[in-house]
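Derivation of every value follows stated rules applied to the coordinates shown; laboratory data play no part. Quick caveat: nothing in here was measured; it's all calculated off a predicted structure. All Cβ positions, even for glycine, are placed from backbone atoms using ideal geometry, and neighbour counts span all protein chains on display.
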Ligand SMILES: Cc1cc2nc3c(=O)[nH]c(=O)nc-3n(C[C@H](O)[C@H](O)[C@H](O)COP(=O)(O)OP(=O)(O)OC[C@H]3O[C@@H](n4cnc5c(N)ncnc54)[C@H](O)[C@@H]3O)c2cc1C
């Protein structure tokens, strides 16, 4: 995710009380290539008040957003952003208007059901809803999805068109307004059968609890699930804890995350190390 594409806001739209769509366009996108993974996301580089702010490699001004839709003919990218509160990304989504510019990176995605499997279980909070919507939209008719989504309000339950067979359960909890109830809701589900692919995207601490639950209670092979932490409920606290680590501790963390093995295998080693560090 190193290249940077300068794009212009083409349109914005309120999809629901807490979800705003931002469509981006620009000739630079002719060189942008989709990964083909339905949960692919980019870094969006949002310039601050200082016009000297750079576009690239400045993580103070970059946020991750899912590519809800990609139209190479446009070319255009669509993002759906949760307008949760005071964050740079949320504020940008609430206030940006056509003609504004931002930069986006090349994409990266995680959603990879094993070949031949047709059953899926998708679990997400509001930030994972754009990926869920795209996964369902791009699914094939022979797939069957059970979907559990935690929202800020029932008014955020958008339509989820799909050629597949889809059973959706909406619930209102978490999303920074209170404790997430995703893992406790998982505990009430039947154990996913056979090669059902489980994909989870939500707040990071809850995502780690979901991973522990899946390992302990559902005992699945790592190729049959992918869990991604999308945001931190205690973001500022987490950053302070990270900054307080020694160089050796940071280096050990980076060493554990081996790009040559599956992410969920990395997590087997990373989780106990994070706990040891108090993260
Ligand atoms: C792979 C990936 C894909 C993502 N896709 C999307 C997407 O399509 N749409 C989307 O809206 N988000 C998505 N996210 C999540 C998004 O990147 C984070 O929510 C991000 O922190 C938002 O930045 P911000 O500037 O608004 O808030 P920050 O500046 O990061 O945080 C400011 C404060 O807001 C809190 N906060 C951050 N996010 C939320 C939230 N969602 N709800 C409540 N409180 C919050 C933090 O704890 C902090 O206290 C994705 C994340 C990842 C990793």
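Of the residues 237, 169, 13, the one that moves most in a GNM of the chain with alpha-carbon contacts below 10 Å is 237.
Per the Cauchy relation, a quarter of the hull surface: what is the mean projected area of the convex hull of the alpha carbons in the range 148-273, in nm²?
On the way: hull surface 38.2 nm².
Approximately 9.6 nm², given one-decimal rounding.
With both residues required to sit in the chain, DSSP beta bridges show an antiparallel share near 55%.
What's the Kirkwood radius of the range 4-105 in Å, using all Cα pairs? Mind dumping the intermediate values first?
Details: mean 1/r = 0.0731 Å⁻¹.
Across the range 4-105, the inverse of the average 1/r is 13.7 Å.
For the chain, the alpha-carbon coordinates run over 51, 50, 36 Å along the three principal axes, in decreasing order. Label sites at residue 188 and residue 239, each approximated as a point 7 angstrom past Cα along Cα to Cβ, lie 3.6 nm apart. Oblate is the label for the range 221-268, because the ratio a/c of its alpha-carbon gyration tensor axes (a ≥ b ≥ c) is 1.5 or higher and a/b is not greater than b/c.
When the chain is treated as a GNM, springs tying every alpha-carbon pair under 10 Å, which of 213, 145, 41 comes out with the largest mean-square fluctuation? Of the options given, 213 has the highest mean-square fluctuation. Stretched out straight at 0.36 nm per residue, the stretch from residue 154 to residue 218 would grow longer than its current Cα-Cα span by 20.1 nm. Counting only DSSP H runs of at least 4 residues, each contributing -39500 (n - 2.57), and dividing by the residue count of the chain, the helix-based mean residue ellipticity at 222 nm comes to -7000 deg cm²/dmol.
Arranged from fewest to most other beta-carbon atoms within 10 Å of their beta carbon, 204, 34, 105 become 34, 204, 105.
Gaussian network model of the chain, Cα springs within a sub-10 Å range: biggest mean-square fluctuation belongs to which of 151, 122, 245? Highest fluctuation of the listed residues: 245. According to the square roots a ≥ b ≥ c of the eigenvalues of the Cα gyration tensor, what is the shape class of the range 152-219, taking rounded for a/c under 1.5, prolate for a/b larger than b/c otherwise, and oblate for the remainder? It is oblate, given that a/c is not under 1.5 and a/b is not larger than b/c. Modelled spin-label separation between residue 168 and residue 252, with each label point placed 7 Å from Cα along the Cα-to-Cβ direction: 4.4 nm. Computed from label points 7 Å out along Cα-Cβ, the spacing between residue 115 and residue 101 is 4.4 nm. Three principal axis extents of the range 61-154 based on alpha-carbon atoms, in descending order, are 43, 35, 20 Å.
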